[in-house]
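Colleague: Dumping the structure here so I can ask a few things about it.
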Amino acid sequence: MRTPPFDFSRLDYPLAECTLYNIGGPAKVALLPRTDEEVEQAYQWMNAQPGKKLIIGGGSNVLINDEGYDGIVLFTTQLLRMEDLGDHRFYVGSGCELDDMVRQIMLKHNYDGVGGFTGIPGSVGGAIYMNAGTVKGSTCQWMESVNVMKPAGRTTIPMTPERYSYRGQTFCEPGDVILGGTFQFTPAEADQQAIYDRYKQRRLEKQPQGHSCGSVFKNPEGNHAGHLIESCGLKGTRIGGAVISPMHANFIINEGTATFRDVLDLIALAKKTVAKQHGVALEEEVRVID
Ligand SMILES: Cc1cc2nc3c(=O)[nH]c(=O)nc-3n(C[C@H](O)[C@H](O)[C@H](O)COP(=O)(O)OP(=O)(O)OC[C@H]3O[C@@H](n4cnc5c(N)ncnc54)[C@H](O)[C@@H]3O)c2cc1C
């Protein structure tokens, strides 16, 4: 691999501190473009190099190998453009924190939908990629279009319901880069600040604090991954420095010294036990980067 010709590139870039798990060795090369034009340059250079490539946003849903990433990581965290387009439409760059969008746009204008976003960490780009949300709604449903860097160039894709699903979407293939998107909001009747405060409080009461990726598994149709894991008696199970949270069984917490392998072993244990006792195949929501 050649040395990247950009002032926004870094070598041997530590990844653990870029993730909420606080796990992961360094990336051989990191690219931190600040504009869509720089993403385009970085993307073209990156795709001309041999080896592995990865896109990371806020790092709240990734589990990275302690041995590091022997490839190129493109971060979208510096794409911070936020623009009022009128008629309740806003362009929001991928690097903006999701909670900043909620507070600076949705709460400011009392727009509907705050319940689907409250308390979700990470970036807007990551939220679009994951179609992050709650039972109250998910990211893509509030979007008019999404801007994606693809092999053919930058493109704006209209958002339609068939392009997204529960924690998934079809408009951004692995390796594509979400640059940002246009959100179309609706003024709400209910006080969204009160909803935000209530849901924040509820998370504090029901979800463990500490280094984690939030829910490790997607909820299987008609069920809750956390309930299934809890009913197998796995709450509080520990491997090395990682534990299945005694508070919420779908959270695996890094208590400070957990390795990549510790977390992976707990994931494998939960999957195996739930499959055996309930006949349900749990599917990871967390993105494992090996
Ligand atoms: C305490 C806690 C609570 C959580 N609660 C929720 C919740 O209620 N609901 C929920 O849905 N999630 C929840 N999560 C998970 C996580 O916060 C979301 O999935 C979040 O949207 C991920 O955003 P990110 O920027 O951190 O993405 P990252 O972790 O950086 O990346 C996640 C995936 O998205 C891809 N990606 C990121 N940015 C881009 C981009 N710009 N272009 C292309 N691909 C990209 C990455 O390659 C990776 O595959 C929680 C996590 C934690 C730690």
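Colleague: So the check is Cβ under 7 Å with 6+ separation or different chains; which pairs have a first residue in the range 104-123 that's not assigned by TED's automatic domain parsing to the domain that holds residue 20 and away from the ligand (no atom under 14 Å from the Cβ) and a second one that's among the polar types (S, T, N, Q) and at pLDDT 95 or above?
Modeller: Here the result reads 106/192; 107/192; 107/193; 110/192; 111/186; 111/192; 112/186, each pair linking the range 104-123 to a residue that is among the polar types (S, T, N, Q) and at pLDDT 95 or above.
Colleague: Continuing with the same structure: Would you check if there is a residue in the range 147-163 being more than 28 Å from residue 42 (Cα to Cα), in contact with a strand residue (DSSP E or B) (Cβ under 9 Å, 6 or more places away or on another chain) and among the hydrophobic types (A, V, I, L, M, F, W, C)?
Modeller: Applying the first criterion (more than 28 Å from residue 42 (Cα to Cα)) to the range 147-163 yields 160-162.
So of that shortlist, the ones also in contact with a strand residue (DSSP E or B) (Cβ under 9 Å, 6 or more places away or on another chain) come out as none.
Checked against the condition, which is being more than 28 Å from residue 42 (Cα to Cα), in contact with a strand residue (DSSP E or B) (Cβ under 9 Å, 6 or more places away or on another chain) and among the hydrophobic types (A, V, I, L, M, F, W, C), the range 147-163 yields no hits at all.
Colleague: Okay, next question. Being surrounded by fewer than 19 Cβ atoms within 10 Å (Cβ to Cβ) and within 25 Å of residue 16 (Cβ to Cβ) narrows it down to one of 256, 233, so name that one.
Modeller: Working: 233 fails: within 25 Å of residue 16 (Cβ to Cβ).
Answer to the selection: 256.
Colleague: Let me ask something additional. Among 289, 253, 244, which is more than 22 Å from residue 126 (Cα to Cα) and out of contact with any Cys (no Cβ under 8 Å at 6 or more places or on another chain)? Show your work before the answer.
Modeller: Details: 289 fails: more than 22 Å from residue 126 (Cα to Cα); 253 fails: more than 22 Å from residue 126 (Cα to Cα).
Sole residue among the options that is more than 22 Å from residue 126 (Cα to Cα) and out of contact with any Cys (no Cβ under 8 Å at 6 or more places or on another chain): 244.
Colleague: Only one of these is in a helix (DSSP H, G or I), on the phi < 0 side of the Ramachandran plot, of a type in the set (A, V, I, L, M) and surrounded by 21 or more Cβ atoms within 10 Å (Cβ to Cβ): 228, 264, 204. Name it.
Modeller: 228
Colleague: Do we have residue 198 as at pLDDT 95 or above, within 16 Å of the ligand (Cβ to nearest atom) and among the charged types (D, E, K, R) here? Walk me through it before giving the result.
Modeller: Numbers: at pLDDT 95 or above: yes; within 16 Å of the ligand (Cβ to nearest atom): yes; among the charged types (D, E, K, R): yes.
Considered against the rule, which asks whether it is at pLDDT 95 or above, within 16 Å of the ligand (Cβ to nearest atom) and among the charged types (D, E, K, R), residue 198 comes out as yes.
Colleague: A further question on this structure: Take the residues in the range 124-139 that are farther than 15 Å from residue 161 by Cα, more than 6 Å from the ligand (Cβ to nearest atom) and in contact (Cβ under 8 Å) with a residue 12 or more places away in the chain; name whichever of them is surrounded by the fewest Cβ atoms within 10 Å (Cβ to Cβ).
Modeller: 136
Colleague: Restricting attention to the range 177-198, which residues are assigned to a helix (DSSP H, G or I) and surrounded by fewer than 18 Cβ atoms within 10 Å (Cβ to Cβ)? Show your work before the answer.
Modeller: Step one: list which residues in the range 177-198 are assigned to a helix (DSSP H, G or I), which gives 192-198.
Passing the criteria: 193, 194, 197, 198.
Colleague: Follow-up. Which residues, taken from the range 10-21, are assigned to a strand (DSSP E or B) and without any contact (Cβ under 8 Å) to a residue 24 or more places away in the chain?
Modeller: So in the range 10-21, the residues assigned to a strand (DSSP E or B) come out as 10-13.
Within the range 10-21, 10, 11, 12 meet the criteria.
Colleague: Something else: Give the residue, chosen from 63, 54, 31, that is among the aliphatic types (A, V, I, L, M), at pLDDT 95 or above and over 29 Å from residue 251 (Cα atoms).
Modeller: On the way: 63 fails: over 29 Å from residue 251 (Cα atoms); 54 fails: over 29 Å from residue 251 (Cα atoms).
Just one listed residue meets the conditions, 31.
Colleague: Would you please name the residue that is nearest to residue 15 (Cα to Cα), looking only at residues in the range 43-60 that are surrounded by 14 or more Cβ atoms within 10 Å (Cβ to Cβ) and of a type in the set (A, V, I, L, M)? Full working, then the answer.
Modeller: To start, the set of residues in the range 43-60 that are surrounded by 14 or more Cβ atoms within 10 Å (Cβ to Cβ) comprises 43, 45-46, 49, 52-60.
Right, trim to of a type in the set (A, V, I, L, M) and you get 46, 54-56.
Values: 46: 18, 54: 12, 55: 12, 56: 10 Å.
Filtering the range 43-60 for residues that are surrounded by 14 or more Cβ atoms within 10 Å (Cβ to Cβ) and of a type in the set (A, V, I, L, M), the one nearest to residue 15 (Cα to Cα) comes out as 56.
Colleague: Residues in the range 102-123 that are closer than 14 Å to residue 185 by Cα and either charged (D, E, K, R) or buried (at least 23 other Cβ atoms within 10 Å of the Cβ) (or both): how many? Walk me through how you get there before you give the answer.
Modeller: First, the residues of the range 102-123 that are closer than 14 Å to residue 185 by Cα: 102-117.
If we keep only those that are either charged (D, E, K, R) or buried (at least 23 other Cβ atoms within 10 Å of the Cβ) (or both) as well, we get 103, 106, 108, 112, 114, 117.
Counting residues in the range 102-123 that are closer than 14 Å to residue 185 by Cα and either charged (D, E, K, R) or buried (at least 23 other Cβ atoms within 10 Å of the Cβ) (or both) gives 6.
Colleague: Report, by residue number, each residue of the range 141-150 that is over 10 Å from residue 178 (Cα atoms) and within 14 Å of the ligand (Cβ to nearest atom).
Modeller: At the first step, the residues of the range 141-150 found to be over 10 Å from residue 178 (Cα atoms) are 141-145.
Selection gives 141, 142, 143.
Colleague: The conditions are (1) more than 17 Å from the chain's Cα centre (by Cα); (2) surrounded by 22 or more Cβ atoms within 10 Å (Cβ to Cβ); (3) more than 18 Å from residue 128 (Cα to Cα), and residue 63 fails exactly one of them. Which is it?
Modeller: (1)
Colleague: Can you tell me which of (1) more than 12 Å from the ligand (Cβ to nearest atom); (2) touching a strand residue (DSSP E or B) at 6+ places or on another chain (Cβ under 7 Å) is the one residue 240 doesn't meet?
Modeller: (2)
The values are calculated or read from the model by the stated rules, or taken from the named source; none is laboratory data. It should be emphasised that the depicted structure is a prediction, and the values quoted were computed from it without experimental measurement. Virtual Cβ from ideal backbone geometry, glycine too; neighbours counted across all protein chains shown.
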